[in-house]
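Nothing in this text is a laboratory measurement; each read-out follows from the coordinates by a stated rule. As the structure is a computational prediction, the values presented were derived from the model and not from experiment. No Cβ is skipped: glycine too gets one built from the backbone with ideal geometry, and neighbour counts run over all protein chains shown.
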Amino acid sequence: MRIGIDGRYIQDHFPGIGRYTYNLVRGLSRASPEDTFVVFNNPKLDNRRYDIPRLAAPNVILRLADVPTFSMQEQTRLPSLIAKEKVAVFHSPYYIKPYRHRVPSVVTIHDVSSSLYPEYLPSVQARLVFEATTRLAITTSLIVIVDSQAAKSDLMQQYSVPPDKIRVIHLAADEFDDGRPSVLPACLQGLRYVLYLGINKPHKNLGRLIQAWAKLDVPHKLVLAGKEDLRYPEARQEVEAHGLGDKVIFLGEVDEDEMPAVYRGADLFVFPSLNEGFGLPVLEAMKSGVPVIASQTSSLPEIVGDAGILVNPYDPNEMAMAIQFALTNDSLREELRQKSLQQARKFSWERTARETLAVYREAASGGNSGATRVQGLLSRIGWNRKPR
């Protein structure tokens, strides 16, 4: 079978979705040598993180798609490129996708946090666009893939998606134990630290994490790593308000060759997010043998199991008590470290790839009903021409 995958999201602007797509393609290539995977990619997009040419294999074709993300060309030029490749099914790893092509379509919707927390979007217009594009992605796809049972429940609740249209496929962590050299950033060398890794959007709940950190008296630094969106200054404001400038390090984006060392160097990993479709950094930390404290909300209990400490993310006092207890109890951290390694072994990209392949085969056998159901809507808005 010939399968199309939108690889344009393997880029710096989409660190989590890019990681998912990159590792999925690698897993698919190994899991199914008899299938052909056509990966549409745009080399003009900023990409310092992923070696896309490395994806090329006897059964992986890298096809140039000079189509920017978040552009109308996704609805005009990309469908014709997909049609030209004669793929049996097309997979978009993000809800912004071509809505008009006549190939059976699969979409991955990792979470609906913007629907659960619309106040965090910058404008009413942004909320309307998110709602419209999410509903179009659901309607024009035969199958919707989500990363967890919690994400499935959110999708059903927020968008009334029938459960038989949703497939839960867990993600996996990077192969941090593959022998690659990894160097700790100079600013962390010689330090004891507690790590958070992720973006700083409001639902990540970094403000309450800082409030919890202000209550502690420990010899550690709190390291906030990951891409920083300057539209959301709450974490820096809390640091300033509590006078924690010398106790909190804003590390920013972490290079790929530094990531394993940054995880392994931490005494503890804390992830206070209010909502996660999966929570990949938590699994990466566990695979690195780092004890984990995470929120008892959304998908995180599903991923962490009994391998970490789960806390109420709305309660900085409870968060602080958990961090203090873990940092002052060596035997507990060792127990959690062993449990983390064991829990992380339950997740693999090979399993993710094989379960995703099953979805492709199901969608390919389902015809193009996902596209035809939405033709009436597209016609009403003047979008009824066939892709050239």
Residue-count net charge about residue 27 - beta-carbon cut-off 9 Å; Lys, Arg +1, Asp, Glu -1:
+3
When the Cα centres of segment 132-194 and segment 17-88 are compared, how far apart do they sit, in Å?
19
Which FRET efficiency value, to the nearest 0.05, is calculated for residue 242 and residue 1 with the Förster distance at 56 angstrom and r the Cβ-Cβ distance?
0.50
Considering amide H positions built from the backbone, and no H for Pro or chain starts, which residues 5 or more places from residue 221, or on another chain, come under 5 Å of its amide H?
192, 193, 194
Apply the Karplus curve 6.51 cos²θ - 1.76 cosθ + 1.60, θ = phi - 60°, to the phi angles in segment 35-50 and return the couplings in whole Hz, x for Gly and Pro.
9, 10, 10, 9, 9, 7, 9, 10, x, 6, 6, 4, 8, 9, 9, 10
With R₀ set to 30 angstrom, the calculated FRET efficiency between the beta-carbons of residue 149 and residue 234, to the nearest 0.05, is 0.50
Kindly state, to the nearest 0.05, the FRET efficiency for residue 217 paired with residue 126, given R0 = 35 Å and r defined as their beta-carbon distance.
0.25
Give a residue-ordered list of calculated ³J(HN,Hα) values for segment 288-298 (Karplus: 6.51 cos²θ - 1.76 cosθ + 1.60, θ = phi - 60°; whole Hz; x for Gly, Pro).
7, x, 9, x, 10, 10, 9, 5, 8, 10, 6
For the chain: relative contact order, % (alpha-carbon pairs under 8 angstrom, 6 or more apart):
18
Can you say what percent of the DSSP beta bridges in segment 186-344, counting only those with both residues inside, are antiparallel? Round to 5.
0
Which length gain, in nm to one decimal place, applies between residue 139 and residue 330 when the Cα-Cα distance is subtracted from 0.36 nm times their residue separation?
63.6 nm
Taking the Cα centre of segment 175-266 as origin and charging only Cβ (+1 Lys, Arg; -1 Asp, Glu), how large is the dipole, in debye to the nearest 20?
460
For residue 273, what residues show an amide H to amide H distance below 5 Å, using hydrogens built from the backbone and excluding near sequence neighbours?
295
Ordered by residue, what ³J(HN,Hα) values in Hz, to whole numbers, does segment 336-348 give under the Karplus form 6.51 cos²θ - 1.76 cosθ + 1.60, where θ = phi - 60° and Gly and Pro are x?
5, 4, 5, 5, 4, 4, 5, 5, 5, 5, 6, 10, 8
Local charge sum around residue 325 (other residues, Cβ-Cβ under 12 Å, Lys/Arg +1, Asp/Glu -1)?
-1
Distant-in-sequence amide H partners of residue 45 (H built 1.01 Å from N, under 5 Å)
none
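In the structure shown, do any of 221/287; 204/287; 86/165; 204/339; 84/152 have a Cα-Cα gap over 28 Å, and if so which?
84/152
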